[in-house]
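A quick write-up on the structure given underneath.
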Amino acid sequence: MKTPSLLLPLLALALVCPLAAAPVPVSTDPAVVAERLAAVRTPATPDTPRINGTRVVGARPEKPFLYRIPTTGERPLRWSVRGLPRGLKLDRDTGIISGVTPAKKGTYTLRLRASNALGKTSAELDLVVGDTLALTPPMGWNNYNAFRLKISDSLIRAQADAMVSSGLADHGYAYVNVDDAWEGVRAADGTIQGNERFPDMPALGAHIHSHGLKFGIYSSPGYETCGGFLGSLHYEEQDARAFASWGVDYLKYDWCSYIIDAGRLAADRHAELLPAHADVLRSMAAEYGPMRNDRRRPRPPEMSARMREIEAEQKKILSAIPGETLHAIERDIATDAYRVMGRALESSGRDIVYSLCQYGEARVWEWGHEVGGHLWRTTRDITPRWSQIMGIVNRQKGLEKWAGPGRWNDPDMLEIGNGQLTPDEMHMQMTQWCILAAPLLLGNDLTKLDPLVLSILTNDEVIAVNQDRLGRQGWLLRQTDAAELYVKPLSGDRWAVAFFNRGETPLEITFDPAELKLPALSAVRDLWRHKDLPASPKITFTVAPHGAELVALTPVKP
Ligand code: GAL
């Protein structure tokens, strides 16, 4: 198989992304609405209090800390926490814990309690103060799938508000991530600033934090981002410091225009591997460099056309290089580019989750964690089309061994609620992302949630599979024609098993615990419907076309 190339122009992508149309919104046709209501599987959330979300949170010593205890139940609710280390405090009326983490590394077990007029509940949350963030896959939202580059401060604030008012935050969604198109120009001292649609980035961060939610942002190791905005090239440390001072909690770092710089670096560092091409690559970079700009001056069309030509020429040169040679060059250059920002974030004074976005090239899963990354995209951009999502899923096979607490494979954001997937396909995406321990970043407009979409995104038992503290990515156990069975080990010696029907007609799929060498089962739980099933020797579902089912198994204790 030919090695995909990180150095090959992503320009096609850079050009396509900004132009791609936002997905069609969910239909309001009464027949469609009724059909969607009938497809709801998740039981209604009870009015009694329930604490949801992860049971383990990672943080570094002496860093700002913010955690909204995700709790469902009738309002008003009141919270209390036992075991809070000094430096952290709880707002009892909002359930938001804030402050600074302790200097001493270790696990602090917080005993969380929530009560309302109907009852009370408790749960334990381990705060692990150490070196690792993102001990379970990040949960939140990113604007790109629904809004592309058409974003503004007010749009992001409205989405953050909706994350709370819709109840999504009560199920564990916390990051509000601004993608490409917030960037303006640099001030005289080099400080990056928001553009006219983002006049006050610290104030935006403060608004998001006021809900107890987390603030995510986007940049690129290149001079320009995919959308043609300013990247962080040569300003990495300064940008990381600026982001930290704005209260940023998450950075998505997108390869984009770094390709031409990468080509020049390849020529400088690996001239011996590129004997015929090093000079050409250097001269291309020399011609290309001055044509980049920070959107202060419009780029004449002939200049853009020339840039595209250079990128195409580079692509031609690099595609002629044998796969493994190209991979060695790519890996060397990509690790360096990502390490620079990784280090800058680490010394920024804040805990900032670091998301690498370079489309799964240069086998990023092998080195993403080493350069400071907590998650990395494993494929190109997702779209709300079943066949394309299936293509992405197929590319996750075998990557499970690289994932774990603090290091996640990222098959891109959710498309649930973007109007083109059927109810079964939406259940399928959620099931698949949960069994894969993929980051759960919502990609829809949170101000326009219909009951079906909300039910799929807020099924706590399904989400618990994703957030399980073992942090294992599930894998394909068996595939028979259109039937696929995925399994994922869970804490407490339990297992999650997902049944997928990739075909066009309903399919009976049976799982035998013997396939996992499990002893007899003491419990089988249908996680979508919150129902105990008979702990019979085999489990059979008739799975809808393009649909999924998910169970948790508890084996009998030996
Ligand atoms: C792409 C990236 C997308 C989005 C876009 C913004 O490269 O994969 O997720 O961030 O750039 O321009």
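The values are calculated or read from the model by the stated rules, or taken from the named source; none is laboratory data. Predicted model, so just to flag it, every value in this text is computed and none were measured. Note that we place each Cβ from the backbone using ideal geometry, even for glycine, and neighbour counts take in every protein chain shown. The protein model used for the area step is the full one, side chains on, heavy atoms only, and it has no ligands, DNA or RNA in it. Shrake-Rupley method; radii C 1.70, N 1.55, O 1.52, S 1.80 Å.
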**Fill in**
Long-range amide H partners of GLY503, meaning residues 5 or more apart or on another chain whose placed amide H is closer than 5 Å, are HIS546
**Prompt:** Using a Förster distance of 41 Å, how high is the FRET efficiency between GLU196 and MET390, based on the Cβ-Cβ distance and rounded to 0.05?
**Reply:** 0.55
**Message:** Could you check the spin-label model distance between GLN238 and ALA203? Points 7 Å from the Cα along Cα→Cβ, value in nm.
**Reply:** 2.4
**Message:** Could you give each residue of region 98-108 its phi-based ³J(HN,Hα) in whole Hz, using Karplus coefficients 6.51, -1.76, 1.60 with θ = phi - 60°, and x for Gly or Pro?
**Reply:** 9, x, 10, 5, x, 6, 8, 5, x, 9, 10
**Fill in**
Neighbours of PRO49 by Cβ distance under 11 Å: Lys/Arg at +1, Asp/Glu at -1, summed charge +2
**Fill in**
Per residue, accessible area of the chain with a 1.4 Å probe, heavy atoms of protein chains only, in Å², comes to 39
**Request:** Could you let me know the centre-to-centre spacing of region 60-81 and region 118-139, using Cα atoms, in angstrom?
**Result:** 10
**Message:** Under 8 Å for C-alpha pairs, at least 6 residues apart: give me the relative contact order for the chain, rounded to a whole percent.
**Reply:** 15
**Asked** Taking amide H positions as placed 1.01 Å from N in the peptide plane, with prolines and chain starts having none, which residues 5 or more places from GLY140, or on another chain, fall under 5 Å of its amide H?
**Response** ALA174, TYR175, LEU440, LEU441, LEU442
**Out-of-range pairs (alpha-carbon distance over 32 Å; input LYS105/LYS214; LYS150/LYS488; LYS105/LYS517)** = LYS150/LYS488; LYS105/LYS517
**Message:** Please give the charge dipole size of the chain, origin at the Cα centre, charges +1 on K and R Cβ atoms and -1 on D and E Cβ atoms. Round to the nearest 20 debye.
**Reply:** 1340
**Asked** For LYS63 and THR48 in one chain, what is 0.36 nm times their gap in residues minus the Cα-Cα distance, to one decimal in nm?
**Response** 2.0 nm
**Prompt:** If you stretched the chain out fully between LYS557 and GLU313, how much longer would it get, using 0.36 nm times the residue separation minus the C-alpha to C-alpha distance?
**Reply:** 81.6 nm
**Complete:** Looking only at lysines whose Cα falls under 25 Å of LYS316's and that sit 8 or more positions away or on another chain, we get LYS2
**Message:** Could you work out [θ]222 nm for the chain from helices alone, using -39500 (n - 2.57) per DSSP H run of at least four and dividing by all its residues? Round to the nearest 500 deg cm²/dmol.
**Reply:** -8500 deg cm²/dmol
**Request:** Sticking with the crude label model, points 7 Å out along Cα→Cβ, report the distance from GLU287 to HIS530 in nm, one decimal please.
**Result:** 6.4
**Prompt:** With r defined as the distance between the Cβ atoms of ALA320 and SER522 and R0 fixed at 56 Å, what FRET efficiency is calculated, to the nearest 0.05?
**Reply:** 0.40
**Item:** Rounded to whole Hz, the Karplus (6.51, -1.76, 1.60) HN-Hα couplings of region 115-122, x for glycine and proline
**Value:** 9, 9, 4, 9, x, 9, 8, 9
**Message:** Taking loop as defined by DSSP and a crowding limit of 12 other beta carbons within 10 Å, which trypsin sites (Lys or Arg not before Pro) in region 106-180 fit?
**Reply:** LYS150
**Item:** Label-zone membership for region 522-558, site THR422, 7 angstrom Cα→C-beta point, backbone N under 19 Å
**Value:** 541-550
**Item:** Highest-first arrangement of 222-233, 27-38, 129-140, where packing means the average Cβ count within 10 Å
**Value:** 222-233, 129-140, 27-38
**Request:** Apply 1/(1 + (r/R0)^6) to the Cβ-Cβ distance of ARG478 and ASP131, taking R0 = 51 Å, and write down the FRET efficiency to the nearest 0.05.
**Result:** 0.85
**Prompt:** Counting only protein heavy atoms, what percent of the accessible surface of the chain is carbon or sulfur at a 1.4 Å probe?
**Reply:** 55
**Complete:** Label model pair ARG82, ALA271: point-to-point distance (7 angstrom along the Cα→beta-carbon line) in nm is 7.0
**Request:** Among the aspartates and glutamates, select those whose C-alpha is under 13 Å from the C-alpha of LYS401, and discard any that sit fewer than 8 residues away in the same chain.
**Result:** GLU366
**Message:** Cut-off under 13 Å on the C-alpha distance; same-chain residues fewer than 8 positions from LYS63 excluded. Which aspartates and glutamates are left, in chain and number order?
**Reply:** ASP131, ASP249, GLU346, ASP351
**Request:** Indicate, rounded to the nearest 5 percent, the antiparallel portion of the DSSP beta bridges found entirely in the chain.
**Result:** 70
**Message:** Need the full-extension length gain, GLU515 to THR109, defined as separation in residues times 0.36 nm minus the C-alpha distance. One decimal, nm.
**Reply:** 142.5 nm
